[in-house]
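S.K.: One structure is given below, represented as structure tokens, and several questions about it will come after.
The values are calculated or read from the model by the stated rules, or taken from the named source; none is laboratory data. It should be emphasised that the depicted structure is a prediction, and the values quoted were computed from it without experimental measurement. Neighbour counts are summed over all protein chains in view; Cβ atoms, including those assigned to glycine, are modelled from backbone coordinates with ideal geometry.
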Amino acid sequence: MHYKPDWHAAKKRLEAFWQGEIIDRCCAAVLAPRKTSKLPMFPHLTNGPWLGGLEKFAREDEEAIRQWWCDPEQNHRRAITWMENTYFGGEAVPGTYINWGASAGCAFWGSPPVFNQTSAWYHKVIGDWETWEWRFDRKTNPWWRNILEIQRCFVDRCGGRYFVGMPEIGNAADNLSLMRGMDDLCMDLVLNPDEVRNAVDVMSGAWVTLHEELHAMTASVNGDGGVLPWLNLWAPGRHDQIANDFSTAISSAMYQEFFFSELRKMGGWLDFATFHLDGPMCIHNHVDALLQLEEIDCIQFTPGAGSPPSSTPEYIPIFQKIQRAGKRLYLLAEPGEVEFLLSQLSARGLMINTWANSEEEANDLLGKMGKWSRACDNNE
């Protein structure tokens, strides 16, 4: 693979990771500037999409801003620029990424994206359940067709140079929290429970249908696997993220009653389901219940802006519990956190995503991770 010349070795480690095993160290994604790069260091994808070029447009130039987000040529050009200038160390894979915020699926149901110079947003459109109708025709919806057009551009121009990642569509709970509004959705769990259950069923069913189409389009260029691009993570089969950030606002009992059906449906379709656990509230309130879901293969933890980092000691027993339950564990960490994390956790079925300032630093860190992983493995 042009942008990942050591893909053969990385693939073996990733296959071991998904089996809960280890070859010579834990899996790692270490991104750094390429030796040949003349550009400033790119922001890490875990912090959102690279917004290069948007700064040149005036705020009122809405059409130019929309084209930046939606034009296939511009999306492909940015992807190539990023990959040509990024070193994908360890098991990090180069994958394209359509990110219209984390809830692009709102656009399929009547809440079109509002694009600006820093993000894409979706406004409330469900005001009254009495008059609301669920309408989405995937053959004619302009936003879904736009996403497919960008995705097709990525696929057609791939040529074995990179992988094509899954677009961010979003889950029913998080999409509903935008389309209905966070406060109203919380109240609906008490006042309009049947409408919420129906909404989750309709939207999660569409999620599966759309992912079937996406997987059929991309499997041949992804080694018959699936790529979660913001985590640079490949799996040897149907693979994507499942999540529910809205769960920070509700109890574990309500989470299970209203939204676990969606997790089971999405996870049941996937061969490898990575659950995105976002922030302190989610990790403290919902891990025990999530570990009961057989459909979840991997749990990924994002500490959250302004919150304690992954190496915070209070998180370690929770990470250890996840590993004891037989789930794979994927952590975002600063380079200085890695040694401590490997001193506390099993390297088997563990992947750590971090960064370095250069290829040399990235390879040095990977070598140290091999030593730290062996020490960890010997202590199990």
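S.K.: Could you list, in sequence order, the residues of the range 119-147 that are among the hydroxyl-bearing types (Ser, Thr, Tyr) and closer than 22 Å to residue 182 by Cα?
M.R.: Taking the range 119-147 and keeping what is among the hydroxyl-bearing types (Ser, Thr, Tyr), we get 119, 122, 131, 140.
Those that are among the hydroxyl-bearing types (Ser, Thr, Tyr) and closer than 22 Å to residue 182 by Cα: 119, 122, 131.
Listed here are the residues, each with its yes/no results for (1) closer than 27 Å to residue 206 by Cβ; (2) in contact with a Phe, Trp or Tyr (Cβ under 6 Å, 6 or more places away or on another chain); (3) of a type in the set (Val, Ile, Thr); (4) surrounded by 15 or more Cβ atoms within 10 Å (Cβ to Cβ).
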| position | (1), (2), (3), (4) |
| --- | --- |
| 282 | yes, no, no, yes |
| 295 | yes, no, no, yes |
| 300 | yes, yes, no, yes |
| 303 | no, no, no, yes |
| 306 | no, no, no, no |
| 319 | no, no, no, yes |
| 335 | no, no, no, yes |
| 343 | no, no, no, no |
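S.K.: Okay, moving on. Among (1) buried (at least 17 other Cβ atoms within 10 Å of the Cβ); (2) at pLDDT 95 or above; (3) among the polar types (S, T, N, Q), which single condition is residue 99 missing?
M.R.: The failed condition is (2).
S.K.: Is it fair to say residue 314 is more than 15 Å from residue 278 (Cα to Cα), touching a residue at least 24 places away in the same chain (Cβ under 8 Å) and among the charged types (D, E, K, R)? Don't jump to the end; show me each part of the working.
M.R.: Numbers: more than 15 Å from residue 278 (Cα to Cα): yes; touching a residue at least 24 places away in the same chain (Cβ under 8 Å): no; among the charged types (D, E, K, R): yes.
No, not satisfied.
S.K.: Could you check how many residues of the range 209-240 are loosely packed, with under 15 Cβ neighbours inside 10 Å and either among the polar types (S, T, N, Q) or in contact (Cβ under 8 Å) with a residue 60 or more places away in the chain (or both)?
M.R.: 3
S.K.: Within the range 350-370, work out how many residues are part of a helix (DSSP H, G or I), of a type outside the set (A, V, I, L, M, F, W, C) and in contact (Cβ under 8 Å) with a residue 40 or more places away in the chain. Let's see the steps before the verdict.
M.R.: Keep residues of the range 350-370 that are part of a helix (DSSP H, G or I), which gives 359-370.
If we keep only those that are of a type outside the set (A, V, I, L, M, F, W, C) too, we end up with 359-361, 363-364, 367-368, 370.
Checking which are in contact (Cβ under 8 Å) with a residue 40 or more places away in the chain leaves us with 359, 361, 363, 370.
Going through the range 350-370 one residue at a time, the tally reaches 4.
S.K.: With the requirement that a residue be charged (D, E, K, R), free of Cβ contacts under 8 Å to residues at least 60 places away in the same chain and surrounded by fewer than 19 Cβ atoms within 10 Å (Cβ to Cβ), what does the range 152-183 give you? Break it down into steps so the answer makes sense when it comes.
M.R.: At the first step, the residues of the range 152-183 found to be charged (D, E, K, R) are 152, 156-157, 161, 168, 174, 180, 183.
Among the residues that remain, those that are also free of Cβ contacts under 8 Å to residues at least 60 places away in the same chain are: 156, 180, 183.
Answer for the range 152-183, where residues must be charged (D, E, K, R), free of Cβ contacts under 8 Å to residues at least 60 places away in the same chain and surrounded by fewer than 19 Cβ atoms within 10 Å (Cβ to Cβ): 156, 183.
S.K.: Output the helices (runs of 4 or more DSSP H) that fall wholly within the range 95-192 and possess 2 or more residues being among the hydrophobic types (A, V, I, L, M, F, W, C) and more than 22 Å from the chain's Cα centre (by Cα), or say none.
M.R.: Numbers: elements: 142-156, 172-179, 182-191.
The qualifying helices (runs of 4 or more DSSP H) are 182-191.
S.K.: Also, quick follow-up: Determine whether the range 302-309 contains at least one residue that is among the small types (Gly, Ala, Ser), within 23 Å of the chain's Cα centre (by Cα) and at pLDDT 95 or above. I'd like the intermediate steps shown before the answer.
M.R.: Our first condition is that a residue be among the small types (Gly, Ala, Ser); within the range 302-309, this holds for 304-307.
If we keep only those that are within 23 Å of the chain's Cα centre (by Cα) too, we end up with 304-307.
Filter once more, so that each one left must be at pLDDT 95 or above: none.
The answer is no; no qualifying residue exists.
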